[in-house]
1. Report whether or not residue 237 is modelled with pLDDT under 90 and among the hydroxyl-bearing types (Ser, Thr, Tyr).
2. Can residue 283 be described as assigned to a loop (DSSP other than H, G, I, E, B), on the phi < 0 side of the Ramachandran plot and buried (at least 18 other Cβ atoms within 10 Å of the Cβ)?
3. From (1) closer than 20 Å to residue 104 by Cβ; (2) not in a loop (DSSP other than H, G, I, E, B), pick out the condition that doesn't hold for residue 422.
4. Taking residue 270 and the conditions (1) surrounded by 12 or more Cβ atoms within 10 Å (Cβ to Cβ); (2) closer than 30 Å to residue 332 by Cα; (3) not basic (Lys, Arg), which numbered condition does it fall short on, given that it satisfies the others?
5. When segment 287-328 is examined, which residues are found to be aliphatic (A, V, I, L, M), assigned to a helix (DSSP H, G or I) and either without any contact (Cβ under 8 Å) to a residue 12 or more places away in the chain or more than 18 Å from residue 246 (Cβ to Cβ) (or both)?
6. Out of the residues in segment 81-118 that are of a type in the set (Gly, Ala, Ser) and closer than 27 Å to residue 397 by Cα, which is surrounded by the fewest Cβ atoms within 10 Å (Cβ to Cβ)?
7. Do you know which of the residues in segment 130-141 that are of a type outside the set (A, V, I, L, M, F, W, C) and in contact with an Asp or Glu (Cβ under 9 Å, 6 or more places away or on another chain) is surrounded by the fewest Cβ atoms within 10 Å (Cβ to Cβ)?
8. Scan segment 360-415 for residues that are of a type in the set (Val, Ile, Thr) and more than 21 Å from the chain's Cα centre (by Cα) and jot them down.
Amino acid sequence: MNPAQPSSSWLLWLRNAVIMGALAAGAAWSVAELLRPPVGKVSSYVGLPKDKLADIMHTARAVDADFEKSWAQKHLQPAAKADDLTLVRRLSLALTGSIPSLQEIRELETLKGADVVQWWLSRLLADRRTSDYLAERLVRVYVGIENGPFLIYRRRRLVDWLSDGLQQNRPYDQIVRSLISSTGVWTTSPEVNFVTVTNQMNNKGPDEAKLAARVSRAFLGVRIDCVQCHDGKLGSTWQQTDFHKLAAFFGQTDFVLTGLRDDPKQNYKVRYLGKTSEEVVPAMVPWKPELLPAKGAPRAKLADWVTAKENKAFARTIVNRMWALLFNRPLISPVDDIPLEGPFPAGMELLADDFIAHGSDLQRLIRVIVATRVFQQSSRSDDPAHPVTEAAEQCWAAFPVTRLRPEQMAGSVIQAASLSTIDAETHVLFRIKRDLDVDNFVKRYGDSGEDTFDDGGGTIPQRLLLMNGNMISDNTKNNPLINASTRISMLAPDNGTAVDAAYLSILTRRPTTDEAAHFTGLLVTSKSRNSRSNAMSDLYWTLMNATEFSWNH
């Protein structure tokens with residue numbers, strides 16, 4: 001049996017095996033406590049030191065002022081601030097790929113006198129789920145989603161290595177320098193997998209052109225690979241030589257039994273358009289050559305040039321990508337095509353400058369963006385005189401409404417079906433099953449590959465998969481040991497509490513008065529325990545298939 005494609009019988013065994021561990025999850029909260037608003041519990045608030053938080057807020061206010069100037073010029077009325085639970089949902093989706101659990105919501109309700117958003121962000125940044133999720137999103141940019149040449153490529157090790165670095169808040173420029181310049185074996189030095197994934201099976205060494213394209217797009221936000229085969233057209237100033245001189249930095253890279261190394265005897269050769277023979281290409285950077293170190297191995301020199309403080313394209317690129325992960329839409333689109341000389345949208349230069357000034361601190365960048373009014377404003381307007389328009393969304397005067405990515409959909413369905421949090425403390429078999437379920441769903445729903453943040457419309461097959469597929473049906477059917485819908489129907493003290501718990505678990509909000517009255521009425525008509533359980537399963541299925549659930553807002 002191929003473990004990458006488990007049989008249905010094996011999955012059934014795994015589902016039954018996790019039952020023994022599922023009940024132990026979230027032991028700090030009993031099911032009865034999860035179903036009611038907390039009484040008497042107060043969570044300790046451990047946030048940032050006041051001086052650090054004040055510094056972050058100062059930068060965030062400067063970014064806000066930049067946007068407010070833009071809105072005033074375009075006569076746009078910004079939306080009001082969103083409620084705390086909406087912001088908590090946004091953060092969870094952006095940083096863990098899932099909605100918050102009912103257990104986490106109950107803990108948030110115990111906070112007294114705390115900044116809920118900053119408290120929750122601190123929790124997430126310390127959570128391994130966040131570093132794992134962000135590592136996977138970034139690795140997709142660095143090496144794609146393909147398995148690559150097995151003998152000299154270990155994608156999983158690269159993801160784990162990056163996750164460790166993000167968890168420790170290792171400066172991002174150090175991470176990138178390691179990816180570009182490291183040597184060693186792909187198993188014990190996972191960062192070299194950035195290079196080994198491009199191995200040309202019929203030729204010795206990596207694919208220099210692929211690496212040049214990856215470096216320029218992933219770390220510099222420039223699509224210089226467009227001139228790989230010919231000089232730039234339609235006003236582009238790039239020349240074919242610019243691309244291949246960048247690729248030449250990888251010309252000495254070689255694979256040997258002891259791993260990845262640099263061989264000074266090797267050269268990078270290419271046959272330019274219109275030429276009849278190959279020629280040796282010198283390693284040169286396409287802009288700011290004065291930043292290139294005079295000494296060192298070619299890849300080490302390139303790594304230092306890419307991450308140099310004066311090479312602001314590096315900071316702008318990670319700012320644009322982290323903004324895209326938090327908003328599901330980049331400041332500049334496409335996310336990897338940022339003009340070197342501008343013009344730049346509101347906020348970008350301030351965020352890039354702050355990122356450089358604070359030592360490429362990725363967690364600080366996230367905190368600054370989250371602290372802005374832009375991130376915390378609502379996606380809708382309660383003022384009929386100033387409705388949210390497409391122009392307002394495009395200019396960030398309202399939070400953009402976007403479809404959840406496939407892995408966010410799957411992760412949210414699985415989390416909503418569990419009253420307790422599915423995290424590193426959850427039983428290992430449950431986590432294995434979760435990962436398998438997410439992978440299988442993403443393959444069927446459609447994996448976009450590298451994050452392009454193209455917010456295309458959903459398809460009919462995708463909608464049918466949600467309505468008729470196993471993902472939602474398996475997580476909403478009667479199962480008193482695993483599924484939240486059944487446990488709520490059995491243990492909720494009254495129908496109102498049951499409906500309230502379902503809405504919080506799935507939509508991260510409480511029902512409106514009309515919604516509560518409607519669904520409570522349906523549960524009232526369910527006389528037997530079995531019919532009440534079926535009614536709760538129907539409610540769960542309905543809410544999971546609601547448009548609100550499948551969109552970020």
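1. Answer is yes for this residue.
2. yes
3. (2) is the only condition that residue 422 fails.
4. The single condition residue 270 does not satisfy is (2).
5. 315, 318, 319, 322, 324, 325, 326
6. 114
7. In this case the residue turns out to be 136.
8. Our first condition is that a residue be of a type in the set (Val, Ile, Thr); within segment 360-415, this holds for 366, 368-370, 372, 374, 388-389, 401-402, 413-414.
Across segment 360-415, the qualifying residues are 388, 389.
The values are calculated or read from the model by the stated rules, or taken from the named source; none is laboratory data. It should be emphasised that the depicted structure is a prediction, and the values quoted were computed from it without experimental measurement. Here Cβ is always computed from backbone atoms with ideal geometry, including for glycine, and neighbour counts include all displayed protein chains.
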